[in-house]
Amino acid sequence: MSKTYSGKCLCGAVSYVAKGPPVIVAQCHCLECRRLSGTGHTVGAMFPAKDVALSGTLGEFTYTSRKGSTVTKAFCTACGSPIYGRNTQTPDHMTLTLGTMDDTSGLNIEVVIFKRDKPHWDQQVEGVMCFDTQPDWTPET
Ligand SMILES: [Zn+2]
Ligand SMILES: [Zn+2]
């Protein structure tokens with residue numbers, strides 16, 4: 001069943017529409033996600049990149065992951081809201097930040113990754129699969 005998910009940044013300059021359902025919804029506690037979000041984790045929904053339409057001016061920041069892939073984080077240049085992340089390990093997909101999405105009904109966190117980096121003051125998600133780091137998972141498997 002396909003459904004579209006729209007979203008926008010804090011100031012509204014950047015918006016997107018994604019054709020769902022997402023491949024997976026994941027919460028990540030890695031150090032980069034903590035810095036990026038300013039909190040204890042990010043929550044992202046992964047979609048095939050071809051199913052996501054973006055509009056507005058995005059800035060990009062890239063870094064090398066601990067596995068050696070290149071990670072690109074895109075944000076609104078006006079208000080700084082994080083919009084999506086891409087990883088060269090999964091080049092055909094992109095992960096939209098769940099907090100920027102307008103209607104997330106029916107979506108739930110399915111997996112927690114980099115649990116070992118969770119700060120003690122962040123909440124534990126119960127009842128989902130948890131991994132200490134990044135599992136060897138790709139959207140194709
Ligand atoms: Zn903005
Ligand atoms: Zn992360």
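Numbers below:
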{"read-out": "Some residue of the range 116-130 being assigned to a helix (DSSP H, G or I), at pLDDT 95 or above and among the charged types (D, E, K, R)", "value": "yes"}
{"read-out": "Leading residue by the ranking (nearest to ligand 1 (Cβ to nearest atom)) among those in the range 93-115 that are surrounded by 14 or more Cβ atoms within 10 Å (Cβ to Cβ) and part of a loop (DSSP other than H, G, I, E, B)", "value": "Thr104"}
{"read-out": "Pairs where the first residue, in the range 92-103, is farther than 16 Å from Ser81 by Cα and the second is in a loop (DSSP other than H, G, I, E, B), C-beta under 7 Å, 6+ apart", "value": "His93/Val23; His93/Pro139"}
{"read-out": "Matching residues, the range 21-71, being aromatic (Phe, Trp, Tyr) and surrounded by 15 or more Cβ atoms within 10 Å (Cβ to Cβ)", "value": "Phe47"}
{"read-out": "Among residues of the range 6-20, those that are in contact with a Lys or Arg (Cβ under 9 Å, 6 or more places away or on another chain), surrounded by fewer than 22 Cβ atoms within 10 Å (Cβ to Cβ) and at pLDDT 95 or above, counted", "value": "2"}
{"read-out": "Any hit, the range 61-73, residues being within 16 Å of ligand 1 (Cβ to nearest atom), in contact with an Asp or Glu (Cβ under 9 Å, 6 or more places away or on another chain) and on the phi < 0 side of the Ramachandran plot", "value": "yes"}
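The values are calculated or read from the model by the stated rules, or taken from the named source; none is laboratory data. The structure presented is a predicted model; accordingly, all values stated were derived computationally and were not measured. When we count neighbours, we look across all protein chains shown, and the Cβ atoms used for this are built from the backbone with ideal geometry, even at glycine.
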